[in-house]
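Enquirer: Starting off with a structure, shown below.
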Amino acid sequence: MEKNKIKEHFNNVAKDYLYWKEKNGYYFKQVKNFYKKMVPGGQSILEIGCGTADVLEAVRPKLGIGVDISQEMILIAKKRYPGNLFIICDSENLSLKNKLVRYIIMSDVIEHVTDVLRIFEETEPVIEDSGYLIINTINPLWGGIFSILEAFNLKMPEGPHNFIDIRDIVFMAELLSFKIEKYGYFIFLPGKIFFISDILNRIIPHFPLLRRLCCSQYLIAQKEESVPQKRNLSVSIIIPCFNEEENVPVCLSRIPHMGSYQEIIFVNDGSVDRTEEMIKELMAGDERVRLVSYPLCQGKGYAVRKGFDAAKGDVLMILDADMSVMPEDLSKFFGVFLRDKADFVNGTRMVYTVKQSMHILHVLGNKIFSLIFTLLLKQRITDTLCGTKALLKKDYEKIKLSSKADPWGDFDLLLGAAKLGLRIKEMPVRYQKRIYGHSKMQPFKHGFILFLRVLRTLKEMKIDRLLKN
């Protein structure tokens, strides 16, 4: 999604926004009632993505601040509720005062932001210690239904959006200083059908399986007391390269500076173009850059092992040279270790939409492998094959990828982390098509290899369990 398109959509829909709110009045009434129940009156409240500010007004704030990217929405809100303060602002760049409000609310906003973790990072300093973040957002299961309703002009057009599972939103909040109080589902029927809607909307959210069918998800999180970051960590970024001469200089320029010491280790995996020469040129101008090189291509897993063995940093990160995962996102991985929120961070491309960036066979294969690993590890894993991962050097020394590891090392790193009992967290990344060169991934050939590796993993897990018993 692009911010300009999101802004343009809501500016265009603003003139009909009140019409749609009246047409879908039952749904919006349920949302307002939810926030009135969760937020006591007379509080200092910031609503992000406030639209026409009906929810903000419904919770009767002592201090009410509404923020929205659409100037047309803000104009309407100012006219309707002049007692509140309204700001035209990108929610991913709030720049508001520290500890400004007790509550931050976001109603149907998460699906319209480009970087959910970023918006949480922006809200974190604005909430008072022990204050609350309350969110509701659309259940992805309703995406198709909403498209049909829009086609028949029964619902306001969503515009650019990315519906996200509430469990992924929970994981992101937990990576920061938020303690999850509660999350779940509500509004089984968003339209009024005599007395039936009211009855079902009271009952269904309390049934474990049926509640997953509700159209709205919610999260209530409390901000933990701010604790100064005390960890002083160095970082090694490992970049396996095979014929990436065009990508290498761009990739280096986009890597953020992190840690007390940083090294960027390019591993030249037997490239036959100018990759090695290009890296050597970069070394002359950037003291962070190191080179590991060998003459024959051995595959990514081998390259990762070589890079890890040469690394000196406390935190080890893997970044693909094709930049399909944005180098800028590495700072998010490092932030998890600074906050001591995890021991192993697994990138996931499955939170944000990948329809235009990833081949459908890759998506299906990844989902199958992720389901298998979720069952194996007894922890939700949404992406086993994302090339970007991070862990502590001391833990890698215990895992030590062997020459018998899978060709990419992804499965074995995850399995090794689970066997050690490490705290595994997933980090949503924004995945995009490579600009230069060609993907080395072959769906059928490599998929079969990975399937064989899964079978071996099942066998290893079974043996481990027998030994423990």
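Enquirer: With (1) touching a Leu at 6+ places or on another chain (Cβ under 9 Å); (2) assigned to a loop (DSSP other than H, G, I, E, B); (3) among the charged types (D, E, K, R) as the list, and GLU92 as the residue in question, which single condition is left unmet?
Expert: (1)
Enquirer: Can you tell me which condition LEU117 does not meet? The list is (1) in a loop (DSSP other than H, G, I, E, B); (2) under 17 Å from GLY335 (Cβ atoms), and all the others hold.
Expert: LEU117 satisfies every listed condition except (1).
Enquirer: If I ask for residues that are loosely packed, with under 14 Cβ neighbours inside 10 Å and either among the aromatic types (Phe, Trp, Tyr) or not in a loop (DSSP other than H, G, I, E, B) (or both), which ones from segment 168-196 would you list?
Expert: Answer for segment 168-196, where residues must be loosely packed, with under 14 Cβ neighbours inside 10 Å and either among the aromatic types (Phe, Trp, Tyr) or not in a loop (DSSP other than H, G, I, E, B) (or both): LYS179, GLU181, LYS182, PHE194, PHE195, ILE196.
Enquirer: Look through segment 26-44, keep the residues that are in contact (Cβ under 8 Å) with a residue 60 or more places away in the chain and within 16 Å of ASP198 (Cβ to Cβ), and return whichever of them is surrounded by the fewest Cβ atoms within 10 Å (Cβ to Cβ).
Expert: Among residues in segment 26-44 that are in contact (Cβ under 8 Å) with a residue 60 or more places away in the chain and within 16 Å of ASP198 (Cβ to Cβ), the one surrounded by the fewest Cβ atoms within 10 Å (Cβ to Cβ) is TYR26.
Enquirer: Has segment 12-28 got any residue that is closer than 25 Å to GLY83 by Cβ and assigned to a strand (DSSP E or B)?
Expert: Scanning segment 12-28 turns up no residue that is closer than 25 Å to GLY83 by Cβ and assigned to a strand (DSSP E or B).
Enquirer: Quick one: would you say GLU8 is outside the structural domain of VAL429 (by TED's automatic domain parsing) and without any contact (Cβ under 8 Å) to a residue 12 or more places away in the chain? Steps first, please.
Expert: On the way: outside the structural domain of VAL429 (by TED's automatic domain parsing): yes; without any contact (Cβ under 8 Å) to a residue 12 or more places away in the chain: yes.
So GLU8 passes the test.
Enquirer: Considering only segment 322-336, I want to know if a residue exists there that is touching a residue at least 40 places away in the same chain (Cβ under 8 Å), among the aromatic types (Phe, Trp, Tyr) and in the same structural domain as LYS433 (by TED's automatic domain parsing). Outline the logic, then answer.
Expert: Keep residues of segment 322-336 that are touching a residue at least 40 places away in the same chain (Cβ under 8 Å), which gives 322-336.
Checking which are among the aromatic types (Phe, Trp, Tyr) leaves us with 333-334.
Right, trim to in the same structural domain as LYS433 (by TED's automatic domain parsing) and you get 333-334.
So far as segment 322-336 goes, yes, one or more of its residues are touching a residue at least 40 places away in the same chain (Cβ under 8 Å), among the aromatic types (Phe, Trp, Tyr) and in the same structural domain as LYS433 (by TED's automatic domain parsing).
Enquirer: Same structure again: Can ILE148 be described as in the same structural domain as ASN33 (by TED's automatic domain parsing) and either crowded, with 16+ Cβ neighbours inside 10 Å or touching a residue at least 12 places away in the same chain (Cβ under 8 Å) (or both)?
Expert: Here the answer is no, as ILE148 does not meet what is asked.
Enquirer: Another one. Quick one: in segment 408-441, of everything that is in contact with a strand residue (DSSP E or B) (Cβ under 8 Å, 6 or more places away or on another chain), not in a loop (DSSP other than H, G, I, E, B) and not charged (D, E, K, R), which residue is modelled with the lowest pLDDT?
Expert: Looking at the filtered set, the residue picked out is TYR431.
For every residue, the table says whether it meets (1) in a helix (DSSP H, G or I); (2) within 17 Å of LYS223 (Cβ to Cβ).
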site: MET106; (1), (2): no, yes
site: GLU111; (1), (2): yes, no
site: GLU121; (1), (2): yes, yes
site: PRO125; (1), (2): no, yes
site: ASP129; (1), (2): no, yes
site: ASN136; (1), (2): no, no
site: TRP142; (1), (2): yes, no
site: LEU149; (1), (2): yes, no
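Enquirer: Tell me which strands (runs of 3 or more DSSP E) are completely within segment 216-271 and hold 1 or more residues being closer than 20 Å to LEU316 by Cβ, or say none if there are none.
Expert: Fully inside segment 216-271 and qualifying: 235-241, 262-269.
Enquirer: Return a yes/no flag: does segment 340-354 have any residue that is hydrophobic (A, V, I, L, M, F, W, C) and over 16 Å from the mean Cα position of the chain (by Cα).
Expert: Checked segment 340-354: no residue is hydrophobic (A, V, I, L, M, F, W, C) and over 16 Å from the mean Cα position of the chain (by Cα).
Enquirer: Kindly indicate the residue of segment 179-227 that is polar (S, T, N, Q) and more than 20 Å from ILE138 (Cβ to Cβ) and also modelled with the lowest pLDDT among those meeting that condition.
Expert: Residue satisfying both the conditions and the ranking: SER226.
Enquirer: Confirm whether LEU96 is in the same structural domain as THR137 (by TED's automatic domain parsing) and modelled with pLDDT of 95 or more.
Expert: For LEU96, the condition - in the same structural domain as THR137 (by TED's automatic domain parsing) and modelled with pLDDT of 95 or more - is not met.
Enquirer: Among (1) touching a residue at least 24 places away in the same chain (Cβ under 8 Å); (2) assigned to a helix (DSSP H, G or I); (3) among the charged types (D, E, K, R), there is one condition GLU47 misses while meeting the rest; what is its number?
Expert: Failing condition for GLU47: (2).
Enquirer: Can you find even one residue in segment 343-355 that is modelled with pLDDT of 90 or more, in contact with a Cys (Cβ under 8 Å, 6 or more places away or on another chain) and either surrounded by fewer than 21 Cβ atoms within 10 Å (Cβ to Cβ) or more than 19 Å from LEU117 (Cα to Cα) (or both)? Break it down into steps so the answer makes sense when it comes.
Expert: Applying the first criterion (modelled with pLDDT of 90 or more) to segment 343-355 yields 343-348.
Now restrict to residues that are in contact with a Cys (Cβ under 8 Å, 6 or more places away or on another chain): 346-348.
Retained after the next criterion (residues that are either surrounded by fewer than 21 Cβ atoms within 10 Å (Cβ to Cβ) or more than 19 Å from LEU117 (Cα to Cα) (or both)): none.
No.
Enquirer: Taking the stated definitions as given, is LEU282 at pLDDT 95 or above, closer than 18 Å to PRO428 by Cα and in contact with a Pro (Cβ under 8 Å, 6 or more places away or on another chain)? Don't jump to the end; show me each part of the working.
Expert: Values: at pLDDT 95 or above: yes; closer than 18 Å to PRO428 by Cα: no; in contact with a Pro (Cβ under 8 Å, 6 or more places away or on another chain): yes.
The answer is no for LEU282.
Enquirer: ALA405 passes all but one of (1) modelled with pLDDT of 80 or more; (2) of a type in the set (Gly, Ala, Ser); (3) closer than 17 Å to ILE238 by Cβ; which number fails?
Expert: (1)
Enquirer: While we're here: Go through segment 116-125 residue by residue and tally those that are touching a Lys or Arg at 6+ places or on another chain (Cβ under 8 Å) and surrounded by fewer than 22 Cβ atoms within 10 Å (Cβ to Cβ).
Expert: 2
The values are calculated or read from the model by the stated rules, or taken from the named source; none is laboratory data. In this text the structure is predicted, and so the values were computed from the model without any measurement. When we count neighbours, we look across all protein chains shown, and the Cβ atoms used for this are built from the backbone with ideal geometry, even at glycine.
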